[in-house]
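A quick write-up on the structure given underneath.
The values are calculated or read from the model by the stated rules, or taken from the named source; none is laboratory data. Remember, predicted model here, so these are calculated numbers, not experimental data. Backbone-built Cβ (ideal geometry, glycine too); neighbour counts: all protein chains shown. What goes into the accessible areas is simple: the full protein's heavy atoms, side chains included, and nothing from ligands, DNA or RNA. Shrake-Rupley method; radii C 1.70, N 1.55, O 1.52, S 1.80 Å.
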Amino acid sequence: MVKRIAVIPGDGIGVEVTVEATKVLDTLAKSRKLPIACVRFDWGAEKYLREGITLPAGALDMFRREFDAVFIGALGDPRVPDMKHAADILLGIRFGLDLYVNQRPVKLLDARLCPLKDRKEGDIDFVIVRENTEGLYVGMGGNFKRGTLDEVAVQEDVNTRKGVERVLVYAFDYARKHNLKRLCMSDKSNALPFGHGLWQRTFAEVRERYPEIDSSHLYVDTLAMEMVRNPAQFKVIVTCNMFGDILSDLGAELQGGLGLAPSANLCPGKVSMFEPVHGSAPKYAGKNLANPMAAILSVGMMLENLGFAEEATRIESAVSEAIRQGKTTPDLAGPLGTREVGDWISSRL
């Protein structure tokens, strides 16, 4: 059956990198005869400013009923100071479709890109599994006496047994499926004994189900230091929403920057969402400067999730070859523009 993909280019450079990502997808679909169809949606700042629409009513039901995946370029526009459209669309899809896993691979494709000295490609190759629907990002809290010298701000950190257990199980299952023998859970239970004490207790139970995996624990500050000191020791890292957000950007820098950082927002077995994580970068929009590789690698993650693992591997190989040959945008010291990088990778495929 045809796999239907909803494409939301969004704002800023999101529009440009999405063009190149879908170009690569179309190239593979034609050359490999993949049963894939993309449907584009114009949701973003322009539509919001023009019509007041962010995530249209019924969109989530439509995704569940009619689509196999969602691909987003990037969202964010300075003309919308509170970024309501971005929050409604991105968080609306994450929470509405219960995409409780955020998966971020950290893989060094060329040793020249790593800011750490004497690191080879195989030294940095792990995945960060971030809980994606709980924690400090649920938006619970409030302000009292706002705007005064007596203002009080409260932000709630929400952790449930169900939410913690299912993301831990996903991380362990991922390690087992990919024959990865090491998993590290990270929290800050020494300072946050209630919420992260739940992580500790649940981890102690879940790890017993996977005796073949060497599972360990590090407090998040120690983990951040260890990722810099010796990233080769890690294969799977699993942690809460905010810590995963921070650590995955640190990981992105180890592999060469956000221009090479793809991501997946997953509800295993159901429609999921894929996106580069670099943001909309409005000041670079329309200049043919944005690196499309993160978006292209996100397409690879999407294809693997849809059952096209060989095609996903081909995408990563083509991106790696582009980096080796210097066919990159200026952020990676290359001479090409956004379109030219997309053309080169498509031609390589």
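One line per residue, one yes/no per condition, for (1) modelled with pLDDT under 95; (2) basic (Lys, Arg):
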| site | (1), (2) |
| --- | --- |
| Val15 | no, no |
| Asp26 | no, no |
| Lys30 | no, yes |
| Ile36 | no, no |
| Gly44 | no, no |
| Leu49 | no, no |
| Val70 | no, no |
| Ala74 | no, no |
| Pro81 | yes, no |
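Is it the case that region 175-186 has a residue that's open to solvent by 50 Å² or more (accessible area, probe 1.4 Å), more than 14 Å from Tyr210 (Cα to Cα), in a loop (DSSP other than H, G, I, E, B) and without any contact (Cβ under 8 Å) to a residue 60 or more places away in the chain?
Among the residues of region 175-186, not one is open to solvent by 50 Å² or more (accessible area, probe 1.4 Å), more than 14 Å from Tyr210 (Cα to Cα), in a loop (DSSP other than H, G, I, E, B) and without any contact (Cβ under 8 Å) to a residue 60 or more places away in the chain, which makes the answer no.
Does Asn305 meet the test of being touching a Leu at 6+ places or on another chain (Cβ under 8 Å), of a type outside the set (A, V, I, L, M, F, W, C), surrounded by 18 or more Cβ atoms within 10 Å (Cβ to Cβ) and farther than 22 Å from Leu108 by Cβ?
yes
Pick from region 110-138 the residues that are in contact (Cβ under 8 Å) with a residue 24 or more places away in the chain and small (Gly, Ala, Ser): which of them is most open to solvent (accessible area, probe 1.4 Å)?
Checked region 110-138; the qualifying residue most open to solvent (accessible area, probe 1.4 Å) is Gly122.
Does region 123-169 hold any residues that are basic (Lys, Arg) and out of contact with any helix residue (DSSP H, G or I) (no Cβ under 9 Å at 6 or more places or on another chain), and which are they?
Listed by number, the residues that qualify are Lys145, Arg146, Lys162, Arg166.
Looking only at region 249-280, filter to residues that are among the charged types (D, E, K, R) and in a helix (DSSP H, G or I); which one of those is least open to solvent (accessible area, probe 1.4 Å)?
Top of the filtered list is Asp249.
Within region 326-341, how many residues turn out to be part of a helix (DSSP H, G or I) and surrounded by fewer than 20 Cβ atoms within 10 Å (Cβ to Cβ)?
4
Identify, please: which residue in region 230-245 is in a helix (DSSP H, G or I) and more than 15 Å from Val101 (Cα to Cα) and is, among those, least open to solvent (accessible area, probe 1.4 Å)?
So the residue we want is Pro231.
Here is a yes/no grid of residues against (1) farther than 26 Å from Asp343 by Cβ; (2) touching a residue at least 12 places away in the same chain (Cβ under 8 Å); (3) of a type in the set (Gly, Ala, Ser):
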{"residue": "Ala29", "(1), (2), (3)": "no, no, yes"}
{"residue": "Val70", "(1), (2), (3)": "no, yes, no"}
{"residue": "Pro81", "(1), (2), (3)": "yes, no, no"}
{"residue": "Asp88", "(1), (2), (3)": "yes, yes, no"}
{"residue": "Tyr100", "(1), (2), (3)": "yes, yes, no"}
{"residue": "Val106", "(1), (2), (3)": "yes, yes, no"}
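Determine, yes or no, whether Lys162 is free of Cβ contacts under 8 Å to residues at least 24 places away in the same chain, under 23 Å from the mean Cα position of the chain (by Cα), open to solvent by 10 Å² or more (accessible area, probe 1.4 Å) and over 26 Å from Gly122 (Cβ atoms).
Yes.
In this structure, is Ala69 of a type in the set (Gly, Ala, Ser), touching a helix residue (DSSP H, G or I) at 6+ places or on another chain (Cβ under 6 Å) and crowded, with 21+ Cβ neighbours inside 10 Å?
Yes, satisfied.
Against the conditions (1) touching a Cys at 6+ places or on another chain (Cβ under 6 Å); (2) crowded, with 22+ Cβ neighbours inside 10 Å, where does Ile13 fall short? Just the number, please.
Tallying (1) touching a Cys at 6+ places or on another chain (Cβ under 6 Å); (2) crowded, with 22+ Cβ neighbours inside 10 Å, Ile13 fails exactly one: (1).
Restricting attention to strands (runs of 3 or more DSSP E) lying wholly within region 5-122, give those where 1 or more residues are of a type in the set (Phe, Trp, Tyr) and within 29 Å of Phe243 (Cα to Cα).
Result: 69-74.
Inspect region 310-320 for any residue being crowded, with 16+ Cβ neighbours inside 10 Å, under 24 Å from Leu75 (Cα atoms) and touching a Lys or Arg at 6+ places or on another chain (Cβ under 6 Å) and give the result as yes or no.
Checked region 310-320: no residue is crowded, with 16+ Cβ neighbours inside 10 Å, under 24 Å from Leu75 (Cα atoms) and touching a Lys or Arg at 6+ places or on another chain (Cβ under 6 Å).
Can you work out which of the residues in region 48-59 that are in contact (Cβ under 8 Å) with a residue 12 or more places away in the chain and surrounded by fewer than 17 Cβ atoms within 10 Å (Cβ to Cβ) is nearest to Leu91 (Cα to Cα)?
Pro56
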